Structure formats: C-alpha cells, structure tokens
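These notes are about the structure you will find just below.
Throughout, read-outs are computed from the coordinates displayed, never taken from laboratory work. It should be emphasised that the depicted structure is a prediction, and the values quoted were computed from it without experimental measurement. Cβ atoms come from the backbone with ideal geometry, glycine included; neighbour counts cover every protein chain shown.
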Amino acid sequence: MQFGDIALHVVSDGTYWADGGGLFGLVPKVLWEQTAPPDEHNRLCFHSRCLLIETSQQCILVDTGCGDKLSEKQRRFIGLEAKHRLLGDLERLGIGPRDVDLVINTHLHGDRCGGNTLYAADGELVPTFPRATYCVQRLELADARFPNERTRATYLEENFRPLEQSGQLRVLWGDARLTDHVRVIVTPGHTRAHQSVVIESGGRMALFLGAAAPWPIHIERLSWVPAYDLEPLVSLETKRKLARWALDNHALLIFEHHPEIESGYLYATKRPDRFRLEPIAISG
C-alpha cells in the first residue's frame, strides 16, 4: 500500500495455533466461539504478522515473529511452518537482512521478537539484521531481564542479549519519534511497557497495534481482554483511548494476529463501549 510518501508492506512469519481461551480471557466460550470457532483441540489460528515500512531513506521492520530458533518439536507443537518464513517474505520484496535499518519491537515476548536473532553457521547467536538498530522500551527490557514465574517462559534472553552485546539495542524512555514518519507510543496492558507504532505521511495516519488489540474484536468490544494481558484493566483503558484516537484521526489500524483481517478503519456505534471495524487489505 502506498501511504503518502512511504510504502507499507504486510510481511509474515507464518501462522501458528494456540488455545482459544487464552485469546478471550474471561469471555465465556459460548460467546467467543461464535466469532472464532476453534478446532477440535480448542485451538485458534494466529497469524504472526509484521510490518515493513519503506521510506526514501530507510527500511523499518515492526516485530520479527517467532523466528527460526525453535526446535522441530516446538514448531510441530504449535503448528508453525518451516524455517525462513519472515526472511523469505522480505526476500520476495527484494529486502535482505542487511537492508533493514531499524527494527521496532512492540514488546519482547518470544512470538513477537524471536526473529531478532538467529544461529550463525558456527552456532553463535547473532542479530538477524546486522546493520539495524533495534528499539525497545526501557521498562519492557527490565521486565524481560528479570521475569517472574508467569513471564519467564516467553521472555527469553536469546532474543535480546545478543543485541545488547553487539551494541544494536536502543532503549526508549516512553513515547518517541524515530523518523519523520514513524513514532512509538506506550500502550500498556499486555505488558506494562508495550508500545504501538504510529505511521504518518501525506496527511494519513496508521497504527500498528501489536498486542494492544491482537484481533479486531478486542477493540470492537473493549471488555474482551485476552488472558495473556498482564494488566487487564489497564488494557481496557488503553483500548478506549486508542479507539477514540483512531476515530478522531481516521487512522488505519493494523492487526498482528488475526488469521485473515490485516487492517481496517474503525467506526462508532450507538454504544460507547462498542465499535465496528471495516476491514481492508494492505497487501491488495
């Protein structure tokens, strides 16, 4: 999609399967299965969607998916496809690892930043994008460095320590403008320092939501909060602010996990806590 003076590309690190209850938290299954029918194992399909932003000067990648460090057993358990999914998608656009200038991690959970690093031929962990600066929030990095019993399975040092060692990690202290067209805003709830990405060009605005609203239903119905969110009531208020901002700015919302819906525009309904998304496809 040409977006003002820049180009937006949806790129994929494939799909995987996870328990449906986790995506909908306290919402009873009898309600959520009407929106998202699960398979026979109560699982739903998740798209590991990333975003490539091409400007005249930079290639910016938002999130890196699960990556290629998982074992065959781990990939088989979640139904993840073979290796080189994201890198293959980038290659089809003519983008190699050395062409990426900036990587923005919305947060440091393994399914969103696993592609930050990979194993070199000698078995050493190295940054996947050797020229890129990787941006993450300070509090998110602190939580990743010192996980608790709930978070230690998804905050994995292998996804960010090599970036610190190579000097490629840029730590942000709150909302920040990264380029003329791209800025990040802290959108807490899923984690306490989760960040979403705002793209502005040619009088148009877009927002890569990350896990602030992984599926459209999570911003259409504010009370539907995933069990994955560490601060669910904060998530609810974050979504309320984002929904109002999206309406006021007619911003394109980009979703990371829905298996079919890439993006769309939000519209108000008669209820103040309900909205309606009109989907569109960035990839045409």
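Values computed for the structure shown
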{"read-out": "Whole-Hz couplings from phi, Karplus 6.51/-1.76/1.60, listed for segment 256-267; x for Gly and Pro", "value": "8, 10, 5, x, 10, 8, 7, 6, x, 10, 9, 10"}
{"read-out": "DSSP beta bridge pairing in segment 124-226, given as percent antiparallel to the nearest 5", "value": "75"}
{"read-out": "Modelled FRET efficiency - R0 41 Å, E149 with L93, Cβ distances, 0.05 increments", "value": "0.50"}
{"read-out": "Highest to lowest packing among 60-67, 37-44, scored as the average C-beta count within 10 Å", "value": "60-67, 37-44"}
{"read-out": "Coarse-grained scattering of segment 145-229 at q = 0.20, 0.22, 0.24, 0.25 Å⁻¹, given as base-10 log I(q)/I(0) from a Debye sum over alpha-carbon atoms", "value": "-1.13, -1.22, -1.26, -1.27"}
{"read-out": "222 nm mean residue ellipticity, helices alone, for the chain (DSSP H n ≥ 4; -39,500 (n - 2.57); rounded to 500)", "value": "-6000 deg cm²/dmol"}
{"read-out": "Per-residue HN-Hα couplings for segment 99-108 [Karplus 6.51, -1.76, 1.60; θ = phi - 60°; Hz; x = Gly/Pro]", "value": "8, 7, 8, 9, 10, 10, 8, 4, 6, 10"}
{"read-out": "Residue-wise HN-Hα coupling along segment 226-239, computed from phi with Karplus coefficients 6.51, -1.76, 1.60 (Hz; x: Gly, Pro)", "value": "x, 5, 5, 6, 6, 10, x, 6, 5, 4, 4, 5, 4, 5"}
{"read-out": "Stretchable slack from R131 to D273, in nm (0.36 nm times residue separation minus alpha-carbon distance)", "value": "46.8 nm"}
{"read-out": "Virtual spin-label span in nm between L230 and Y119, 7 Å along Cα→Cβ", "value": "2.9"}
{"read-out": "Length released on extending from W245 to Q57, taking residue separation times 0.36 nm less the Cα-Cα span", "value": "64.8 nm"}
{"read-out": "Antiparallel bridge percentage (DSSP; both residues within segment 141-284; nearest 5)", "value": "90"}
{"read-out": "Under-5 Å amide H pairs with T117, H placed in peptide plane, nonlocal only", "value": "T128"}
{"read-out": "Inter-probe distance in nm under a simple model that places probes 7 Å from Cα toward Cβ, at R161 and L26", "value": "3.8"}
